[in-house]
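Worksheet: the structure to be examined is printed underneath.
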Amino acid sequence: MGLENGTKGNTGDFVFPTTHSSSKPLNSKPRRKRRNSSDDGGAKIIVALLAGAGAAFLLALIMLMSRLEADEVNNGLLNSNVGGARGVDDQIYLEEVAAGRASPALMKNSKERMRDRANRLVESIGKMEGVYDRKLKKFDKMFNLPKGNPLDALVHGADKQLDGMKAALEGKGAMPGHVDLMQDFKDAIGRDNAKEKRRKEKRAKKERANVESPDLTLDGEKPPHLYPLFPPMPPRTMAEELFGKEIITDTLQHDKPTIAGVIAVLQRFLQNLHQMLIDNKNAKTPDEVIEKYFALVMNYLEPLEEAYRDRSIFPIREDGSIFMSLGAYRDHLLGETLRQAFKTAAYPDKLFVGAVVQNCFGIDVQCRTGVEVKGKDKHGHPITEISDRGPDVNGIEQFCTDPDYAKYCERGQIRALYVNETESNGPTTARYFASKLWGGETYFLQADAHLRFAKEWDRLYAEEVQLAKNYPKAVLSAYPPGFSEEDPPYQGGSQGTRLCSCVFSDSNVEHRILRINTGNMCRGEEEAPSQIAYIAAGFFFARAEFLIDVPFDPYLPWCFMGEEIALSLRAWTHGWDIYAPRKNLIAHQYRPGRMGLPKFWENTGRVFGRPGPGFNTLLQTITIQRIKHMVGYPSSTREALEGLNYQIVLTEFEHYGPGETRTMTEFLEHTNIDVQNEKCGHIGWCNDCTLP
């Protein structure tokens, strides 16, 4: 299904041309910013004070108190050894004389003079406290400063001084000593700044630790669906045995889904599939097998589908995290693919993998190679052979036991579902399983398990999709360039391919299904990605809301062809536009038959006692009708399928067919496909890069 173009990409680092994007995440809602009082340091308080009307009050308070202290010192009121102060006495006397309440004799009566002076000062202090208490309450309401800030300390100190002065003037104690309120305030600011500095250092230390142990939080709390962590090893670990049956009932019936619960549901299905295949090894027709398989899906998978239909099973984290869906069929490069993905990522702590490991574990069956070319006969024809071999290498084990990467497995960033080779029935089922391992990450990336990555591929793909005009409902997709295992490290940067053409297959094995292909390249000077016609199943990148609109279909077993046209039609009719990334950031190992790698259809033949691909082709003859019906083949209408007794392929079709935002007819016009005559026309806007 891929393009054998062999392009390796140029050398050196690169960056995408960037433009400003004001796009918001899908279904985003404005959030009130939560205020954390612990974040307010002394410097912030001073800025707030000087920026608001309260600054005048603060300065006035400091100046008034300082002047009062200075005046009282000068006039002797703060010194018990001084018998009187002329300045204050004269002022009091002049005011009393002017009011007609004083006589010259008052100046001679020291006790009365001192008492009157004290009463007047107590009255002034009381009025001042009342006025500024009201102003302080208003000021605190305006700025909502945290308790214990430097202003609080200043006011508390001033209140204490005034209370002490009142008590002394009323004869209830000694007059307080001189206090420099301005200096006290500066000292309080200094202490608060030092505290803020220590807090920032502590936070930075925590953030550095989080790079090694990411804080998977949602609105400040750990998402409960990520726990308990299901270990990615060993392969035969069963979630239901590990956590109990309630992990399934909570997920299916109590709206308390967990990734461990989802894995338990999938494992229960696989256990029953294993027994069904044994019981039907000698099935006479493929119809019998399809009927039994669909019954298992209805019994064990449909309850999960129905429980979370048209909504996200988990809340989506807006943290830029990426979920990478990998379907690996006996893949010897899975471990290295994982190493390269994390090694080259800009943010490896935000990368999560859901890997469906379809391996031959050597349990109950003898593992076999694929069809290997051993030479040529005298006529020049290849001599092929299938041989016995040992169990497949486990790429998850290779990755998780590597000291440089084991931490990602311990933190739950690697989620694995193991499938015995005997239960493997093609990429469509594997991709369905892998999509169910998604855990609320921001972005969803689907790819094959034999890849190389350019430096900071994760950051660059996220930035690229955000530049698409229809973001957040935008999908990036392409056929990546190829690589060989002996190639040097992949650098990326070559121009991305554009999926702008199609052809109706003339192969009897492929049942004339529509296959997509590449078209013209753009000039390479574009400031943003432009639209293309189709999605490649081997690589696409989108926001995770894609999984809500275009859930993967569990009713396509033993089907190898057709998944790309189905994905493209479903996504576009649900309102998603498809874009080609301007630069390649991953490379793919294309695998011609001469490599002799195992194929799932060979396994199907062995399972049903019919060596070779023949029986898988018969099974696909039935299931591929589901896709042909979706695309509008005249030979696959409901009436035609009922006539062939294939109506079973339309089970739950309404949930996995075209969307309602755009029609199927509009998609066919958009892509210039003539299904009636089985012809693909030229797509001008796609090949000319003119549709943003």
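With all pairs of separate Cα atoms included, the range 238-324 yields a Kirkwood hydrodynamic radius of 14.7 Å.
Here the range 228-284 and the range 445-495 have alpha carbon centers that stand 33 Å from each other.
Accessible area of the range 398-467 with a 1.4 Å probe: how many percent of it is carbon plus sulfur?
Details: 710 of 1670 Å².
C and S fraction of accessible area: 42 percent.
Given a cut-off of 30 Å, name the pairs among 186/222; 350/469; 222/473; 195/256; 292/436 whose C-alpha atoms lie farther apart than that in the structure shown. Spell out each step's value before the answer.
Working: 186/222 41 Å; 350/469 25 Å; 222/473 28 Å; 195/256 42 Å; 292/436 22 Å.
Violating the 30 Å Cα-Cα cut-off are 186/222; 195/256.
Exposure check, 1.4 Å probe, all protein chains in place: residue 336 carries approximately 70 Å² of accessible surface. Dipole orientation for the range 468-566: of the candidates 472, 492, 482, 472 has the Cα lying most toward the positive pole (charges on Cβ; Lys, Arg +1; Asp, Glu -1).
State, as an integer percentage, the relative contact order of the range 222-289 based on alpha-carbon contacts under 8 Å between residues 6 or more apart.
On the way: 47 pairs, mean separation 20.8, N = 68.
Reported as a whole number, the value is 31 percent.
May I ask you to give the solvent-accessible area per residue for the range 474-558, in square angstrom, as obtained with a 1.4 angstrom probe? Don't jump to the answer; show the numbers that get you there.
On the way: 2750 Å² over 85 residues.
I get 32 Å² per residue for the range 474-558.
The solvent-accessible area of residue 595, taken with every protein chain present and a 1.4 Å probe, is close to 70 Å².
Got a sec? What order do 604, 401, 621 fall in by accessible area at 1.4 Å, biggest, i.e. largest, first?
Working: 604 0, 401 85, 621 35 Å².
The most accessible residue leads, giving 401, 621, 604.
Over the range 396-474, consider all pairs of different Cα atoms and compute the Kirkwood hydrodynamic radius from their mean reciprocal separation; express it in Å, one decimal. Taking every pair of different Cα atoms in the range 396-474, averaging 1/r and inverting gives 15.3 Å. In this structure the range 285-409 gives 44 Å² per residue of accessible area when probed at 1.4 Å with all protein chains present.
If you take all other residues with their beta carbon under 13 Å from the beta carbon of residue 528, and give Lys and Arg +1 and Asp and Glu -1, the sum is -3. Relative to the Cα centre, the charge distribution of the range 392-459, modelled as +1 at Lys and Arg Cβ and -1 at Asp and Glu Cβ, gives a dipole magnitude of about 300 debye.
DSSP assigns beta bridges within the range 333-424; of those with both partners inside it, close to 40 percent run antiparallel. Accessible surface area normalised per residue over the range 606-689 is 47 Å², counting heavy atoms of protein chains with a 1.4 Å rolling probe. For the set 623, 422, 661, solvent exposure ranked by accessible area (probe 1.4 Å, protein chains only) runs largest to smallest as 661, 422, 623. Solvent exposure of residue 469, expressed as accessible area, is near 150 Å², computed with a probe of 1.4 Å over the protein chains only. Overall shape: oblate for the range 448-535, with the ratio a/c of the largest to smallest alpha carbon gyration tensor axis at 1.5 or above and b/c at least equal to a/b.
Centre-to-centre, using Cα atoms only, the range 661-678 and the range 541-570 are separated by 18 Å.
Just to confirm a number: summing +1 for Lys and Arg and -1 for Asp and Glu over residues other than residue 645 whose beta-carbon lies under 13 angstrom from that of residue 645, what do you get?
Working: positive: 638; negative: 287, 288, 291, 639, 642.
Computed value for this residue: -4.
Restricting the calculation to Cα atoms, every distinct pair contributes to the Kirkwood radius of the range 489-565, found to be 15.2 Å.
Take the eigenvalues of the Cα gyration tensor for the range 246-297, scale each by 5, and report the square roots as semi-axes in whole Å, largest first. Mind showing how you got there, number by number?
On the way: eigenvalues 171, 21, 8 Å².
Output for the range 246-297: semi-axes of 29, 10, 6 Å.
The values are calculated or read from the model by the stated rules, or taken from the named source; none is laboratory data. As the structure is a prediction and not an experimental result, all values here were calculated from the model. Neighbour counts run over all protein chains shown; Cβ positions are idealised from the backbone, glycine included. We work out accessible area using only protein heavy atoms, side chains counted, and drop any ligands, DNA or RNA first. Shrake-Rupley method; radii C 1.70, N 1.55, O 1.52, S 1.80 Å.
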